[in-house]
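This report refers to the structure that appears directly beneath it.
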Amino acid sequence: MSSMFESDKLSYRAYEPLNDFDTLHAIRTNADAFRQAYWDDPVPQSVEDTNAFATRVRSKYILFVIIYLKSLDHEEAKKDNPIGYIGLSKPEEMQTMHRNTRVSINIVPNYQGKGYGTEAIQWSLGWAFRVYGMHRVMLRVHERNQKALNLYRKLEFQEEGIWREHFWYEGRFWGCIQLGMLDRKWEEKQMVK
Ligand SMILES: CC(C)(COP(=O)(O)OP(=O)(O)OC[C@H]1O[C@@H](n2cnc3c(N)ncnc32)[C@H](O)[C@@H]1OP(=O)(O)O)[C@@H](O)C(=O)NCCC(=O)NCCS
């Protein structure tokens, strides 16, 4: 029987510093991935910074899990190994009635482009709507992050607007596109499967 913490090729586990710190730190110290996924000023990340990030997300997220590639039937992994993380933010304080959450994902570069991001986002939508009873899952993507935009468009997230010239990168400002998925749209998609 499959667990609620797994999907086809992936499993989702609590962050355990002993097993997962290296993966999280590799993501946080990869300058390019850092700039795609975070809005923070790109300062070098120390071990302490990564530990602080892990503590912060666990307190601010309803769900923060490390994505593991299951070894079963997959040549790529001799044993289950961590390939990234995915999280759903807590609704803002005193704004729980709106049932909105923001999804964050980061897959280590070697494992990108193999369908794992798509699988993990789909799993997180099921979690948000079915387990947590959320109404809307949203996120903001920098206009230059084509990989992420393609993924969300493919999954039929709807574009909700753009924050113009919000993101400074390599000498110019870029927009940030806001996308969202509503519970009813997601349920509709499950019906046609
Ligand atoms: C964005 C991210 C989560 C996508 O995950 P992924 O596992 O690489 O994506 P997938 O392999 O599932 O591909 C999903 C879609 O993305 C697009 N995509 C994947 N690789 C791509 C590439 N190199 N160039 C352009 N589009 C690409 C495709 O449309 C693909 O759909 P397809 O396979 O039907 O063609 C991942 O690349 C990542 O973690 N990037 C760094 C952090 C980040 O940008 N996070 C998101 C912030 S909003």
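Nothing in this text is a laboratory measurement; each read-out follows from the coordinates by a stated rule. Only a predicted model underlies this, so the values are computations on that prediction, with no experimental measurement involved. Note that we place each Cβ from the backbone using ideal geometry, even for glycine, and neighbour counts take in every protein chain shown.
In terms of surrounding Cβ atoms within a 10 Å radius of their Cβ, W163, W168, W174 rank from fewest to most as W168, W163, W174. Qualifying GluC sites (Glu not before Pro) in the stretch 51-147, where qualification requires a DSSP coil assignment and no more than 16 other C-beta atoms within 10 Å, comprise E75, E76, E92, E93.
Exposure proxy check: W39, W123 ranked by fewest other beta carbons within 10 Å?
Placing the least packed residue first, the sequence is W39, W123.
Note on D49 and S3: with the Förster distance fixed at 45 Å, the Cβ-Cβ geometry gives a FRET efficiency of about 0.90.
Reported value for the stretch 117-188: 83 Å³ per residue, from the convex hull of its C-alpha atoms. Among the listed pairs K70/K154; K60/K154; K154/K189; K70/K90; K114/K185, a Cα-Cα separation exceeding 18 Å is found for K70/K154; K60/K154; K70/K90; K114/K185.
Counting neighbouring beta carbons within 10 Å and listing from fewest to most, the residues L24, L63, L182 come out as L182, L63, L24.
Based on Cα contacts under 8 Å between residues 6+ apart, the stretch 10-137 shows a relative contact order of 24 percent. Plainly put, the chain has a radius of gyration that is 0.95 times its Kirkwood radius, both from alpha-carbon atoms, as the Rg/Rh ratio.
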